[in-house]
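Everything below concerns the one structure shown next.
The values are calculated or read from the model by the stated rules, or taken from the named source; none is laboratory data. Just so you know, these numbers come straight off a predicted model, no measurement behind them. All Cβ positions, even for glycine, are placed from backbone atoms using ideal geometry, and neighbour counts span all protein chains on display. Accessible surface areas use protein heavy atoms only, side chains included; no ligands, DNA or RNA. Shrake-Rupley method; radii C 1.70, N 1.55, O 1.52, S 1.80 Å.
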Amino acid sequence: MSRFSTFAFVVISVGVYLVLALLFTWPLIGSFTTHTPAIDKYISDDQFFLWQYWWTKTALIDHANELWKTTMLFFPTGVDLRAGVDGIFPTLLSIPFQLLTNNLILSYNLVLLLMFIGAAITTNLLVLDLTRSRFAALCGGIIFGFSSFLLQRGLQHMNILSALWIPFFVLCFLRAFRTAKIRWAIAAGVGLALAALGSWYYLLASLIFVGLGVLWELAQQRPVMRATSICLGVAFILILPFAIPSISSFIEDPPLPVQPGLRLVASLDVLGFLTPPSWLLVGGSVTQPIDGMLFLWHERIAYLGVVELALVIWWFGRRQSLRQTSPSSTHAEKFWMFVSVVFALLALGPNLTMAGTSIDVPMPSDLLLKFPPFSSLSSPSRFVIYTFLGLAVLSGFAIRHMISFFRGRKKLILVGFLLGLLVIERVPRAYPIVDRTPLPYTSILRDDPSPGAVLNIPVITDVLGGVAIYDQVSHGRPIVDGYTQRNVQKPETKRFIYQNDILRYLSCEEYPTDQPARSPPIDRRLFGEFLTENGIEFVVLHRALRGCRPEVRLVVEELLNEVAPFYEDEGVALYRSRDFILAPYMVRPPVTRWFGVPG
């Protein structure tokens, strides 16, 4: 293949993958500047990633703040962000888009599309290198880049979606073995580092792949240690500046052991490999009754696909002829089957789970997760990323072999038929999107000349805090509460909330206390003075939030019932700290108005 024709093929492939990315994320393209993919308006990780994009740009470009420590969350104490750093690559990639468009939502969605296209095109190049078949490469890109793993989990987690560097790393790593050229080993190290900056899970999974590759090649008596050493050395040098903050944080404050129950729900179910999840247009309605059993939540979705499995099974039925005509292909086939099976077993977690039932059968992960750094992983299911890559490669070998039997029009018909099947089995139902247009109250806070932080009511320090941190993106003021992706706030981070009776009772989190669970006596004047003395200028009552303790409603009723907001709409009411000092004693409507539920 000439370089020009290869370039043209890559351009065509990018166009195909762009169309598929828009199709599989429909109807996002119709609201590309205002909406993001999200299952729930309030509990959704897209809010955290949006905040992370905004904060990284703010820290590095706008105000030169410290990236790993901020008082913008959990004001005035602040929060250590080092241990929560994951997925820095898509975050950095978003900065040029933020500078060019001045639209955070548009930047987020552009990065999202690039992640899908990038994962597909790098897999395309890997399969092309292994099979020398353009059609097989095109299909391989679809199989990995638009796998159920990325289409479902990736749309909720930008760090998971940034899998595009894994096929690039594998391509360079295998070429380094095959050619013994240093430049490919260096490129593999760069790819490994970029995969790590997408997700630390991808770094650990890739290190396992390195170990499997080395063992496989040594078994064939091939020299591989020089290429491996160069690759790992380059990756280590590039990763270290980004890893130091997390490592130092873990040394200073070792994380608590991961709960076995969390790993159980974040491990794959054996039948999940074969069962279409309910969000797929084809097959999803049939399996919907058992969806909740197999896929307790999105971490368990890893449907491999009927077409891909059929291709691999068909090809293995022809292994005898392959041994005679293409021994090298047979060698590669065995290696990729080995890789696919190993990572599928690791993704099953510490114990075997089948049909939603945990069986007391130890799996390979049971041993692996006992040793650092793997012991800090809470989602073994993410190891399945290499199973999907192996499936793409194996399917590529099968497709190349299959189309070799046809010529002319029959070959074109077969090509179109296979492409159609791969696309049809991936088409999801319309993916839920959420309007992330800034709420009106945020512009009031942003434009108000008064300095000071914001107290959100309810005070939220768990996943519901995504509402508060996303609103902060628009108003730009410090907030007393907050949320980080991995909920790594140290106890002293929330000391300010815990030490104040009213803040503690306004919190959705259950704090240890020897006081009875009832509304404490409230002196509004002292509360207003407390806010003023600590630099808190505004109080925002979020009327729509649910899920808080019943005591919160009681405190809100007593605290706000006789205080007039200076702004209110259906979603929020705004107060100033001085409103509590100078509050006129006028009777406000009962608390049912604030929360929309019976008091």
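Which is the longest stretch in the chain that no exposed loop site breaks, taking sites as chymotrypsin sites (Phe, Trp or Tyr not before Pro) with a DSSP loop state and at most 11 other Cβ atoms within 10 Å?
For chymotrypsin sites (Phe, Trp or Tyr not before Pro) (loop position, at most 11 other Cβ atoms within 10 Å), the longest site-free span of the chain is 1-296.
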**Study point:** Structure-derived percent of Cα pairs over 36 Å apart - corresponding label in [x] 42; [y] 63; [z] 49
**Key:** [x]
Review point. By DSSP, what percent of the beta bridges with both residues in the chain are antiparallel, rounded to the nearest 5?
Key: 70
Exercise for review: Please list, in chain and number order, the residues 5+ apart from ILE479 or on another chain whose amide H is under 5 Å from its amide H, with Hs placed from the backbone.
Suggested key: LEU73, PHE74, PHE75, VAL454
Study note, to complete from the structure: In the chain the accessible area split gives carbon plus sulfur, as whole percent at 1.4 Å, a share of 65
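How large is the charge dipole for the chain, taken about the Cα centre, if only the Cβ atoms of Lys, Arg (+1) and Asp, Glu (-1) carry charge, to the nearest 20 debye?
3240
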Check your understanding: Farthest toward the dipole's positive end in the chain, which of GLN472, THR493, LEU106, given Cβ charges of +1 (Lys, Arg) and -1 (Asp, Glu) about the Cα centre?
Key -> LEU106
**Study point:** Global form of the stretch 1-106, assessed from the alpha-carbon gyration tensor, a/c cut-off 1.5
**Key:** prolate
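Rolling a 1.4 angstrom probe over the protein heavy atoms, how many square angstrom per residue are accessible across the chain?
42
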Point to revise | Over the chain: helical MRE at 222 nm, DSSP H runs n ≥ 4 each giving -39500 (n - 2.57), nearest 500 | key: -17000 deg cm²/dmol
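How high is the relative contact order of the chain? Use alpha-carbon pairs under 8 Å, at least six apart in sequence, and give a whole percent. Intermediate results must be reported in sequence, preceding the final value.
On the way: 987 pairs, mean separation 99.8, N = 599.
The normalised contact order for the chain reaches 17 percent.
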Revision key, fill the gap. Between the residues LEU268, ALA302, THR131, the Cα farthest towards the positive end of the dipole of the chain, that dipole coming from +1 and -1 charges on the beta-carbon of Lys, Arg, Asp and Glu, is from THR131
Check your understanding: Can you pick out the pairs among LYS334/LYS370; LYS69/LYS181; LYS41/LYS494; LYS181/LYS410; LYS334/LYS410 whose Cα atoms lie more than 32 Å from each other?
Key -> LYS69/LYS181; LYS181/LYS410
Exercise for review: Using amide H atoms built 1.01 Å from N in the peptide plane, name the residues 5+ places from ASP80, or on other chains, whose amide H lies under 5 Å from its own.
Suggested key: LYS490
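Nearest 20 debye, what's the magnitude of the dipole of the stretch 113-187 about its Cα centre given +1 on Lys and Arg Cβ and -1 on Asp and Glu Cβ? Walk me through the numbers on the way to the answer.
Details: 7 positive and 1 negative charges, 57 e Å.
Using Cβ point charges on Lys, Arg, Asp and Glu, the stretch 113-187 gives about 280 debye.
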Practice item. Normalising by the residue count of the stretch 24-181, find the relative contact order in percent from Cα pairs under 8 Å and 6+ residues apart. Key: 23
Review point. Restricting attention to the stretch 24-69, which trypsin sites (Lys or Arg not before Pro) occupy a DSSP loop and are surrounded by at most 14 other Cβ atoms within 10 Å?
Key: LYS41
Review point. Can you list residues whose amide H is under 5 Å from ILE536's amide H, if they're 5+ apart or on another chain and H is modeled 1.01 Å from N?
Key: ALA453
Practice item. Place a +1 charge on the Cβ of each Lys and Arg in the stretch 133-241 and a -1 charge on the Cβ of each Asp and Glu, then give the dipole magnitude about the Cα centre in debye, rounded to the nearest 20. Key: 320
Practice item. For ARG576, ARG175, give the ranking by accessible area with the largest first, probe 1.4 Å. Key: ARG175, ARG576
Exercise for review: Rank these residues by their accessible area, most exposed first, probe 1.4 Å: LEU455, LEU125.
Suggested key: LEU125, LEU455
Review point. The stretch 394-473: which trypsin sites (Lys or Arg not before Pro) are DSSP loop and have at most 13 other beta-carbon atoms within 10 angstrom?
Key: ARG407, ARG429
Revision key, fill the gap. Here the cysteines of the chain without any disulfide-compatible Cβ partner under 4.7 Å are CYS139, CYS172, CYS231
